[in-house]
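Take a look at the structure below.
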């Protein structure tokens, strides 16, 4: 009897899944056009998708899938500009409290027998009223309920008009409405399936659910009645189908992409980064004929955080916190550890790609300055052997060890403690760690989301202020930003807040992440965006 290794089992399962997918796509459709049948976009997810219900679209894998099936009032373009979607237009009252949305009258739900005679119907304002009520329903327990925290009321004025009233002005609110949590769902379908709507999703998106076998395959087919068109008036989407597999091993996924069995590869993994990219982030020559690379800013800041309420003198000292910021070369770190993917964080906490970003307010590599600050700390405190410990997870051990080596060169003793991700998450929320690695990916594309981590009323564990940073001037500016409706003035406030944080050094920004995508040459229309949202409605496959 021949025993197979686990990786072999996974590959056999993967190839079987691929075979099933193509049998399903080519055998069960009503369309016999072979050219259309070849229009299948194939990508892989490393973990199972948890739900196709937009009310639970929290993780990236879920968000990507939900984005193909559902629409909301608004959507975000590649430059983070809010654009109409099901709402053809909108207006905001002078006091910035009331938002009025005028809906399109040509948006249809995916076909389902529960709709009755026509198997579908047009979306109206009462559908949004139902969907938003469901989002805030405690029995539903949506993780996106917070999106409605500043909403006082919402209502369908008539079939075509939907109104939302806020408790206070919130300039970033339109950006929140682009989140998948705010997608429209049909009452009759949701109430029929209950919690099983997660696997029987009916939306309005460019694709409709065809089949889902969890951990094996997920297939979407073209929604022929989709409302959006391209700039020449041709109906979207161009693709006939989307096929998603669930191979968990990233090295195997990479091999499948290289062999042409996948059309797209998202992100960069250490298991293959040196094979596909040079140390400067360029595609290696052997892949240039078959593959394209798409790069751009990603709204994610990777950083180290000091717990400001600690009793440890080294952490309490601004001198030592500054020394850590001066003491390592961020550009060199990105070259050697990330093959040049990512932007060295020589600015503030706000990442590149967002208004308010400033590349000049941060720390540049200055080991002599770091040594001087550490020497000054020793003189002032009498502590001749200052020591700090960075707590991290195994995924970021190489970064922390690099920083450890660099700081030891400037006479600061550094330990690195590796713990499980779940343990780190709990410990940092409860103030159990003095110095730890963290990251912040934008919940919504506005710098205010990043600055919320330093507002004193947001102390963890009930809020995202893990450092327990507190500054009265910062708090005043932060509160002012909520009521400032002038975009330029609000951006100036963001820049001032970010500069204040960097000056007080409760954090050590390491790098601003980048979206990096690899695609086959025959794929076009696959863009890029700072939220790393996968948009397939305009993709073509030749």
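The values are calculated or read from the model by the stated rules, or taken from the named source; none is laboratory data. Model, not experiment: these values are computed from the prediction. Positions of Cβ are generated from backbone atoms using ideal geometry, with glycine treated the same way; all protein chains shown enter the neighbour counts.
Can you find a residue that is modelled with pLDDT under 95 and crowded, with 18+ Cβ neighbours inside 10 Å anywhere in the range 498-510?
No; the residues of the range 498-510 include none that is modelled with pLDDT under 95 and crowded, with 18+ Cβ neighbours inside 10 Å.
Please find, among 21, 52, the residue that is at pLDDT 95 or above and in contact with a strand residue (DSSP E or B) (Cβ under 8 Å, 6 or more places away or on another chain).
Values: 21 fails: at pLDDT 95 or above.
Only one candidate qualifies: 52.
This table checks each residue for (1) surrounded by fewer than 22 Cβ atoms within 10 Å (Cβ to Cβ); (2) within 16 Å of residue 536 (Cα to Cα); (3) at pLDDT 95 or above.
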site	(1), (2), (3)
212	yes, no, yes
220	no, yes, yes
230	yes, yes, yes
235	yes, yes, yes
239	no, yes, yes
252	yes, no, no
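Filter the range 465-489 down to the residues that are at pLDDT below 95 and part of a loop (DSSP other than H, G, I, E, B), then identify the one that is surrounded by the most Cβ atoms within 10 Å (Cβ to Cβ).
Checking each candidate, the answer is 484.
Against the definition (assigned by TED's automatic domain parsing to the domain that holds residue 213 and closer than 30 Å to residue 106 by Cβ), how does residue 235 come out, yes or no?
On the way: assigned by TED's automatic domain parsing to the domain that holds residue 213: yes; closer than 30 Å to residue 106 by Cβ: yes.
Answer is yes for this residue.
Looking only at the range 139-159, count every residue that is at pLDDT 95 or above and exposed (fewer than 15 other Cβ atoms within 10 Å of the Cβ) and tell me the total.
Residues that pass the stated criteria total 7.
Checking the conditions here, which among 462, 430 is exposed (fewer than 15 other Cβ atoms within 10 Å of the Cβ) and without any contact (Cβ under 8 Å) to a residue 12 or more places away in the chain?
462
Just need a number here: residues in the range 116-149 that are under 22 Å from the mean Cα position of the chain (by Cα) and not in a helix (DSSP H, G or I).
Total meeting the criteria: 5.
On the given criteria, is residue 166 closer than 18 Å to residue 533 by Cβ and in contact (Cβ under 8 Å) with a residue 40 or more places away in the chain?
Working: closer than 18 Å to residue 533 by Cβ: no; in contact (Cβ under 8 Å) with a residue 40 or more places away in the chain: yes.
Judged against the criteria, residue 166 is not a match.
Do we find that residue 148 is under 28 Å from residue 447 (Cα atoms) and without any contact (Cβ under 8 Å) to a residue 40 or more places away in the chain in this structure? First the steps, then the outcome.
Details: under 28 Å from residue 447 (Cα atoms): yes; without any contact (Cβ under 8 Å) to a residue 40 or more places away in the chain: yes.
It is true that residue 148 is under 28 Å from residue 447 (Cα atoms) and without any contact (Cβ under 8 Å) to a residue 40 or more places away in the chain.
For residue 425, indicate whether it is assigned by TED's automatic domain parsing to the domain that holds residue 311 and at pLDDT 95 or above.
Against the criterion (assigned by TED's automatic domain parsing to the domain that holds residue 311 and at pLDDT 95 or above), residue 425 does not qualify.
Can you tell me which residues in the range 54-89 are farther than 10 Å from residue 183 by Cα and part of a helix (DSSP H, G or I)?
Matches in the range 54-89: 56, 60, 61, 62, 63, 64, 65, 68.
Against the definition (under 22 Å from the mean Cα position of the chain (by Cα) and surrounded by fewer than 20 Cβ atoms within 10 Å (Cβ to Cβ)), how does residue 248 come out, yes or no? Explain how you work it out, then say what you get.
Numbers: under 22 Å from the mean Cα position of the chain (by Cα): yes; surrounded by fewer than 20 Cβ atoms within 10 Å (Cβ to Cβ): yes.
Yes; evaluated as a whole, the condition is true for this residue.
Quickly run through the range 160-174 and pick out the residues that are modelled with pLDDT of 95 or more and within 21 Å of the chain's Cα centre (by Cα).
None; the set is empty.
Does residue 166 meet the test of being out of contact with any strand residue (DSSP E or B) (no Cβ under 7 Å at 6 or more places or on another chain) and over 26 Å from residue 113 (Cβ atoms)? Please lay out each step first, then the result.
Values: out of contact with any strand residue (DSSP E or B) (no Cβ under 7 Å at 6 or more places or on another chain): no; over 26 Å from residue 113 (Cβ atoms): yes.
The answer is no for residue 166.
Can you find a residue in the range 120-127 that is under 14 Å from residue 204 (Cβ atoms), in contact with a helix residue (DSSP H, G or I) (Cβ under 6 Å, 6 or more places away or on another chain) and not assigned by TED's automatic domain parsing to the domain that holds residue 221?
yes
Of the conditions (1) without any contact (Cβ under 8 Å) to a residue 60 or more places away in the chain; (2) closer than 30 Å to residue 109 by Cα; (3) not in a loop (DSSP other than H, G, I, E, B), residue 255 clears all except one; give me its number.
Only one criterion in (1) without any contact (Cβ under 8 Å) to a residue 60 or more places away in the chain; (2) closer than 30 Å to residue 109 by Cα; (3) not in a loop (DSSP other than H, G, I, E, B) is unmet by residue 255, namely (2).
Name the single residue that is modelled with the lowest pLDDT among those in the range 70-102 being within 18 Å of the chain's Cα centre (by Cα) and closer than 16 Å to residue 536 by Cβ.
If we take residues in the range 70-102 being within 18 Å of the chain's Cα centre (by Cα) and closer than 16 Å to residue 536 by Cβ, then 78 is modelled with the lowest pLDDT.
Quick one: would you say residue 218 is out of contact with any helix residue (DSSP H, G or I) (no Cβ under 6 Å at 6 or more places or on another chain), in contact (Cβ under 8 Å) with a residue 24 or more places away in the chain, in a loop (DSSP other than H, G, I, E, B) and within 20 Å of residue 43 (Cα to Cα)?
In short, no.
How about the range 380-409: which of its residues are under 16 Å from residue 508 (Cβ atoms) and without any contact (Cβ under 8 Å) to a residue 12 or more places away in the chain?
405, 408
Quick one: which helices (runs of 4 or more DSSP H) sit completely within the range 304-416 and have at least 1 residues that are over 28 Å from the mean Cα position of the chain (by Cα) and surrounded by fewer than 21 Cβ atoms within 10 Å (Cβ to Cβ)?
Numbers: elements: 313-316, 318-326, 330-338, 367-381, 397-408.
Once the helices (runs of 4 or more DSSP H) in the range 304-416 are filtered for at least 1 residues that are over 28 Å from the mean Cα position of the chain (by Cα) and surrounded by fewer than 21 Cβ atoms within 10 Å (Cβ to Cβ), what remains is 313-316, 318-326, 367-381, 397-408.
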